[in-house]
1. Residue-wise, which Karplus ³J(HN,Hα) couplings in Hz belong to region B:42-49, taking 6.51 cos²θ - 1.76 cosθ + 1.60, θ = phi - 60°, and x for glycine or proline?
2. Just the number, please: percent antiparallel of the DSSP beta bridges in the protein assembly as shown, rounded to the nearest 5.
3. Can you tell me the alpha carbon radius of gyration of the protein assembly as shown divided by the globular rule-of-thumb value 2.2 N^0.38 Å?
4. Residue by residue through B:108-118, how many Cβ atoms from other chains fall within 10 Å of the Cβ on average?
5. Could you pull out the GluC sites (Glu not before Pro) across region B:124-227 that fall in loop regions by DSSP (anything but H, G, I, E, B) with no more than 14 other Cβ atoms inside 10 Å?
6. Angle between the Cα long axis of helix B:203-215 and the longest principal axis of chain B, 0 to 90 degrees, nearest 10?
7. Name the long-range amide H neighbours of A:TYR223: under 5 Å, sequence gap of 5 or more, or other chain; modelled H, no Pro or chain starts.
8. Could you work out which residue, out of A:ASP117, A:ASP15, A:ASP68, moves most in a Gaussian network model of chain A, that is, has the largest mean-square fluctuation with Cα springs under 10 Å?
Number of protein chains: 2
Amino acid sequence: MSEKRAVVLLSGGLDSATVMAIARDQGFSCYALSMAYGQRHVAELAAASRVASALRAVEHKVVSIGLDSFGGSALTDSTIQVPEEMGEGIPVTYVPARNTVFLSLALGWAEVLGAHDIFIGVNAVDYSGYPDCRPQFIAAFETLANLATKEGVEGRPFQIHTPLIAFTKAEIIRQGSALGVDYGLTVSCYQANEAGEACGVCDSCRLRAKGFAEAGVPDPTPYRSQV
Amino acid sequence: MSEKRAVVLLSGGLDSATVMAIARDQGFSCYALSMAYGQRHVAELAAASRVASALRAVEHKVVSIGLDSFGGSALTDSTIQVPEEMGEGIPVTYVPARNTVFLSLALGWAEVLGAHDIFIGVNAVDYSGYPDCRPQFIAAFETLANLATKEGVEGRPFQIHTPLIAFTKAEIIRQGSALGVDYGLTVSCYQANEAGEACGVCDSCRLRAKGFAEAGVPDPTPYRSQV
């Protein structure tokens, strides 16, 4: 086929929207994949749907997985509070094995689609300290993907693209703005309400607000509290 | 904790039942994990539940994942026929990235439970030629697991146990029988009906029947056709 297909993991946040714009700019037909994994709110998935549409995904698939039945994270277990301050080390918003699960599902869909390119918006600079956002994790997943699949074994390898991995949040926002991303469509907050309004106090809100300020780009986010 | 916990991937088939008996015999408290991934039948999950109960799982969790929405396999896509003869190469019953997805979910649950041992019944001898059943795939997943997780990064590594990987089907059956596994509870057939009756003609039925014959153990499987 002459069409270059890519699976893009799309959370509805700022990073993955930028990634999708980059994939499109590189000439890929984008197949957007979102996960319903027991998030505290549905605002994220609504945002993913808006972004997929705005950036002309060929298809947007939402796969439900029961990560909430495992618990263990403030993002999937309603008995754990989302903290209002950034701490040291790996935070309670860490979802065990999340990116491993997401990339595995992206790999399965990519193989069915005949796509060999998977895009994910992980970032190892302005991030929350999650182990599954680091370059060595991504490299290990790519090795795994090419041992795990018919395509990989038969010599048509998969590539995991992480165009944001070395960017600061400000650089991500500048790059996306240059590609025409409407960040007003995205939601980053760990506890956004159904209308998509952000709390203004969680790690993710702080990183986002700081990114817009540093990029010198107006922040379109509707915050409930002053950041 | 003094209790040794393990997550055991339990499909309801002969292999994973044997694996769970082995994990128990090694002193592990077993947390059984099954996936509802759009299988053609529900007999497999009913069998998993019977096996988990018979082998005293501490807990049995069934996680739904939408692999069927991807299609691409005779096991998840009802427009693809399950073949009645074993062919060459990787067969149409191959589910893209299945074991990668299953192990990723097992990893997530293990981390929440404080378990560092994951058991999976892959087998590289009497198997159907799936790439994600090979030792090099398992080794790559273990490497990934220890880069992907808080536990791995903090020096408490995960181990993926594949006690059947070098066994013939007959050896699996002999080992399980010695540990008291009731194979009458298990279902291996790719197209079992709701009562758990096997087709007798798919790859999986053929391998199973041959295994019992070679092991010299009576085959308790209710086949609809003569194998």
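Rule-based calculations on the coordinates, nothing more; no lab input. It should be emphasised that the depicted structure is a prediction, and the values quoted were computed from it without experimental measurement. Here the Cβ positions follow ideal geometry from the backbone for every residue, glycine too, while neighbour counts run over all protein chains shown.
1. Taking θ as phi minus 60°, the curve returns 9, 4, 4, 6, 5, 5, 4, 5 Hz for region B:42-49.
2. 5 percent
3. Working: Rg = 22.7 Å, N = 454, 2.2 N^0.38 = 22.5 Å.
That ratio works out to 1.01.
4. 4
5. B:GLU154, B:GLU194
6. Helix B:203-215 sits at roughly 90 degrees to that axis.
7. Correct list: A:ALA198.
8. A:ASP68
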